[in-house]
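> What follows is a structure written as structure tokens; I'll ask about it next.
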Amino acid sequence: MSDARISAPAHQQAGFALTNTQLVLAATAATVVLAAALISIGGPGSKRAAGKADMSEEAVAMRLQPVGSVVVKAAGGGEPRTGEQLFQAQCGACHNAGTLGAPKFGDAAAWAPRVKTGYEALLTSALKGKNSMPPQGGGDASDYEIGRAVVYMANKGGASFAEPKAPAAAASAAQ
Ligand code: HEC
């Protein structure tokens, strides 16, 4: 361009003025781009965020539940499920039919030798897993809920375990 003509003040001024104009144009363009970016975040971006909500723990847990169950652990820790509720939501997936060699629900013969080991041993198996049974029966339950499900299942298999204490009561009882 005119850069070669170093000594031409008029050109320099023009060049300077042009540069200012370019700056203004660039700033305007940048603002437009930024605005467009912000709008797109609020537009399709927010739709994507809504889609992500379906990946929430609750939604995922709901999809993982066996068909026919309507029990969902309340988000943010609602009422703990009863043993029967957790069993139906989760444990029954294997224990109803004896899948993977699980002791069947209500099968006293299958449960008798296990019941003899005592509630604590069965609870530990349920919490930590045992052979083909994944820890926590493969789900997301509190230890208390697991305990209730163990008692529910074992009692239907001939045990007479007492309902486990609620966490607060258990904590104060331990002191
Ligand atoms: C993926 C299948 C599966 C699920 C789901 C499952 N279990 Fe089991 N469970 C098994 C199998 C298999 C065994 C037998 C393990 C063994 O003794 O080899 C078993 C055994 C047990 C036992 C006896 C453990 C022992 O020490 O003899 C208890 C108690 C038990 N399950 C509780 C539960 C509870 C409570 C749930 C739900 C929270 C549950 N299970 C969910 C497969 C499952």
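> Every residue in the stretch 113-133 that is farther than 15 Å from VAL150 by Cβ and touching a residue at least 24 places away in the same chain (Cβ under 8 Å), please.
Looking only at the stretch 113-133, we keep the residues that are farther than 15 Å from VAL150 by Cβ, and these are 113, 131-132.
If the condition is that a residue be farther than 15 Å from VAL150 by Cβ and touching a residue at least 24 places away in the same chain (Cβ under 8 Å), then ASN131, SER132 are the ones that fit.
> Are there any pairs, at least 6 apart or on different chains, whose C-beta atoms fall under 7 Å, with the first in the stretch 140-165 and in the same structural domain as ALA89 (by TED's automatic domain parsing) and without any contact (Cβ under 8 Å) to a residue 40 or more places away in the chain and the second away from the ligand (no atom under 11 Å from the Cβ) and among the hydrophobic types (A, V, I, L, M, F, W, C), and if so, which?
Final answer for the pair search is LYS165/ALA173.
The values are calculated or read from the model by the stated rules, or taken from the named source; none is laboratory data. Predicted model, so just to flag it, every value in this text is computed and none were measured. Here the Cβ is made from the backbone with ideal geometry for all residues, glycine too, and neighbour counts use every protein chain on show.
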